[in-house]
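Presented below is the structure to which this report refers.
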Amino acid sequence: MATTQLAVIGWPVDHSRSPAMHNAALAAVGLSAWEFQLLPVEPENLVACVEGLRNGAYRGVSVTIPHKENVLALVDRLTERASAIGAVNTLIFEPGGELVGDNTDAPGFIASLPSTPAPGSTAIVLGAGGVAHAVVWALRNCGVEVRIWNRTSSRAEQLAERFGATAVENVGPAEILVNCTAAGLEGDPFASLPLGPEQLGEYGVVADVVYNGSAPGDLLDGARAAGAATADGIEMLVQQGAIQFEEWTGRPAPIDVMRAAALAG
Ligand code: NDP
């Protein structure tokens with residue numbers, strides 16, 4: 001029996017938790033003729049790689065840094081959310097040959113929160129990079145009023161204008177606070193963010209989408225100590241992966257298995 005292939009493409013991609021997460025899920029639902037591979041793809045090889053993946057063996061590909069924007073032009077069709085966000089993190093090779101680009105980061109982020117934000121609720125988003133685009137779009141799609149702070153303020157202004165949010169120089173209280181910056185990767189996240197740990201109690205929910213940092217717990221530890229509910233980046237990874245899995249296989253995702261594999265990674 002021919003193997004059905006899934007993969008993650010990125011550069012660098014060695015530390016991706018997607019192969020462990022998806023291979024555990026495939027095994028758990030009994031798809032023994034499917035496998036999920038790690039495919040390091042340098043930027044200059046992206047076009048040839050995606051063309052090569054249209055060989056009938058591949059059913060789906062997870063797309064990560066730095067390819068999420070460049071892959072937009074290489075698909076036959078974009079889902080509405082991928083088109084609106086301007087980034088693709090999921091490729092679906094349809095049986096008829098059509099290549100579809102989707103973005104599961106956005107719904108994955110919302111699913112990682114303790115509950116879906118109510119229309120009219122308020123959020124502060126820290127950051128204006130790739131993941132912030134998906135997060136701001138997702139929150140705006142729920143009807144949330146979003147304020148965006150970014151180290152480089154012009155990028156916050158551009159992102160705010162694009163999605164109907166407001167760029168701010170200072171952050172105040174809100175129902176949700178989301179860190180989409182890499183600030184914590186270089187040590188103390190508060191050293192370069194516009195708020196201190198004593199302000200974390202001003203938010204009902206604190207989410208940190210970054211999970212691969214040296215001190216990823218600082219923001220969320222502080223938030224928990226201040227009485228806020230929290231959402232971490234691993235849960236977002238798992239939730240966006242669960243949506244991918246269902247799109248590729250048509251099976252309900254074994255989310256507990258995927259979470260355990262992602263946490264073990
Ligand atoms: P980008 O490079 O596109 O954006 C990085 C952002 O971080 C920018 O807003 C940048 O600000 C800011 N930043 C970087 N360093 C600092 C600092 N020292 N102080 C303050 N701000 C800083 O990256 P992405 O948006 O693609 O990814 C960000 C993180 O999110 C990564 O760690 C990634 O792993 C994680 N991620 C998690 C996902 C999940 O499923 N949980 C999904 C996707 C990403 P400036 O504009 O000023 O440079």
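The values are calculated or read from the model by the stated rules, or taken from the named source; none is laboratory data. For clarity, every value in this text was computed on a predicted model and none was experimentally measured. Methodologically, a virtual Cβ is constructed for each residue, glycine included, from the backbone with ideal geometry; neighbour enumeration extends over all protein chains shown. These accessible areas exclude ligands, DNA and RNA; they are computed on the full protein's heavy atoms, side chains included. Shrake-Rupley method; radii C 1.70, N 1.55, O 1.52, S 1.80 Å.
Exactly one residue out of Leu185, Leu177, Leu139 is assigned to a helix (DSSP H, G or I), away from the ligand (no atom under 14 Å from the Cβ) and either touching a helix residue (DSSP H, G or I) at 6+ places or on another chain (Cβ under 6 Å) or not small (Gly, Ala, Ser) (or both), and it is Leu139.
Could you tell me which of the residues Ala207, Ala242 is open to solvent by less than 10 Å² (accessible area, probe 1.4 Å) and assigned to a helix (DSSP H, G or I)? Outline the logic, then answer.
Details: Ala207 fails: assigned to a helix (DSSP H, G or I).
On inspection, the qualifying residue turns out to be Ala242.
Here Ala82 meets the list (1) surrounded by fewer than 18 Cβ atoms within 10 Å (Cβ to Cβ); (2) of a type in the set (A, V, I, L, M, F, W, C); (3) away from the ligand (no atom under 12 Å from the Cβ); (4) under 25 Å from Thr249 (Cα atoms) almost entirely, failing just condition (1). Residues that are in contact with a strand residue (DSSP E or B) (Cβ under 9 Å, 6 or more places away or on another chain), among the aliphatic types (A, V, I, L, M) and within 11 Å of the ligand (Cβ to nearest atom) are absent from the stretch 88-105.
For the structure I just gave you, tell me whether Leu193 is part of a helix (DSSP H, G or I) and aliphatic (A, V, I, L, M). The answer is no for Leu193.
Only one of the numbered conditions (1) more than 11 Å from the ligand (Cβ to nearest atom); (2) surrounded by fewer than 20 Cβ atoms within 10 Å (Cβ to Cβ); (3) not polar (S, T, N, Q) is violated by Ala160, and that is (2).
Could we say that Ala229 is closer than 16 Å to Leu113 by Cα and either surrounded by fewer than 19 Cβ atoms within 10 Å (Cβ to Cβ) or modelled with pLDDT under 95 (or both) here?
It is true that Ala229 is closer than 16 Å to Leu113 by Cα and either surrounded by fewer than 19 Cβ atoms within 10 Å (Cβ to Cβ) or modelled with pLDDT under 95 (or both).
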